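Structure first, commentary second.
Only the coordinates and a few stated rules stand behind these numbers; no lab work does. Values in this document were obtained by computation on a predicted structure and should not be read as measured data. A quick note on method: Cβ atoms are made from the backbone with ideal geometry, for glycine too, and the neighbour counts reach across all protein chains shown.
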Amino acid sequence: MQTGCARARAHPSLALIKYWGKANAEQNIPATPSLAITLGGLSTHTTVRVFQPSGKMTEHSQPEGEQDYVFIRNVRQPVRRFEPFFSNLRRELAKERKECPFRFLVESVSDFPESAGLASSSSGFAALTAAACSALNWNISARRMSALARQGSASAARCFWGGFVQLDAGAAWAEPAAPENWWPELRVIAVMTSRSPKSMSSRAAMEHCRETSSYYPEWLRDSGRLMSKALEALQQRSLDTLGPLMRQSYSSMFATMLSANPPVLYWNPLSVEILRLCETLRSAGFSVWETMDAGPQVKIICEENSVPEVIRKLQSLPVQPEYRISSAGGPPRVESCE
Ligand code: PMV
């Protein structure tokens, strides 16, 4: 029997200073601090239906519902990936409600490619958390939702505030670092160099780096230093200071991947071409910086007045990639369930 339904929209969280590695794998607690911008130009929409375990499912599946169901773009997902999230949600809810026999039917779609290095797991788990809490009629703080979403994906913990958000090493939830209107000129141009799903999940890749890269301890040491300088640069809204810190963060993160055994390689030739394009623009005097995540996509960060030149350069490439422009976005929004 269905007992509640809600729909939520969340924007992905793009790390300027990267989280890469876990202090506690079971709890999904980050080993490095991260600083991110919420990307207003990209969204994930998720509908959550809550039902009793004995209740009938919807048209998607006939069996009696003893488990949770997740569909992304109408494709059923292996429930294993979502189980830590749902188990934790039920555990937390049971602390406040005597019994929590609920199961969830989730349908999610993003307006950008999923699992391709565009942070869809962040917006996905954030929208799922916001919709699930609303469907359960469970009014909890953004911090608490951030901690619930963290179980699914640590980057999702950063999606509950607009603007700029930080997640400290060892922290259970994220905290706002600067509001949505803090840096109105800042733009992120997400350049899609491939629409294929990534070769290895970020969860598997970061564990592999921790286990096999001799550079990994160095990375953990460096990330704290980068974070405190980046927070200062954000307070000053200085892209000339923040840019090199962002570059160091993503290139050091990739250094742990390249020094892993066997190495993890997400880049493709077009990714490298875009990195070079940013370098050329910097040599020409533009403050244009890039970052990358566990995938081949390149996110270009610059101020509004540099955007036309970046676009001109992208359009002059032999293979013209798709791109999406974002300013800082807001927190998740719960919508009605039709
Ligand atoms: O939260 P996850 O498991 O999707 O990992 C995110 C890792 C990076 O995107 C590479 C970095 C980050 O801080 O978002």
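Take the Cβ-Cβ distance between Arg80 and Ala284 as r, set R0 to 45 Å, and report the resulting FRET efficiency rounded to the nearest 0.05. Walk me through the intermediate numbers first.
On the way: r = 49 Å, r/R0 = 1.08.
The calculated FRET efficiency here is 0.40.
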Within a 10 angstrom radius of the beta carbon, how do Leu231, Leu42 rank from fewest other beta carbons to most? Leu231, Leu42
With label points set 7 Å from each Cα along the Cα-to-Cβ direction at Thr212 and Asp240, the distance between them in nm comes to 4.3 nm
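Starting from the Cα-Cα distance between Val307 and Arg276, subtract it from 0.36 nm times their residue separation and give me the gain in nm to one decimal.
Additional length available on full extension: 9.5 nm.
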Direction-averaged shadow area of the convex hull around the Cα atoms of the chain, nm²? 16.8 nm²
Rounded, prolate or oblate for the stretch 207-297? Axes are the square roots of the Cα gyration tensor eigenvalues, ordered a ≥ b ≥ c, and the cut-off for rounded is a/c under 1.5. oblate
Give me the angle, in degrees from 0 to 90, between the Cα long axis of helix 269-283 and the longest principal axis of the Cα atoms of the chain, rounded to the nearest 10. 50 degrees
Proximal aspartates and glutamates relative to Lys95, as straight alpha-carbon distance under 17 Å, when same-chain residues fewer than 8 apart are discounted: none
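How big is the Kirkwood radius of the stretch 100-224, worked out from every pair of different alpha carbons and given in Å to one decimal? Write out the running numbers ahead of the final one.
Numbers: mean 1/r = 0.0600 Å⁻¹.
Hydrodynamic radius (Kirkwood, Cα pairs) of the stretch 100-224 is 16.7 Å.
What percent do you get for the relative contact order of the stretch 103-159 when only Cα pairs under 8 Å and 6+ apart count? Walk me through the intermediate numbers first.
Values: 49 pairs, mean separation 20.5, N = 57.
Contact order relative to length: 36 percent.
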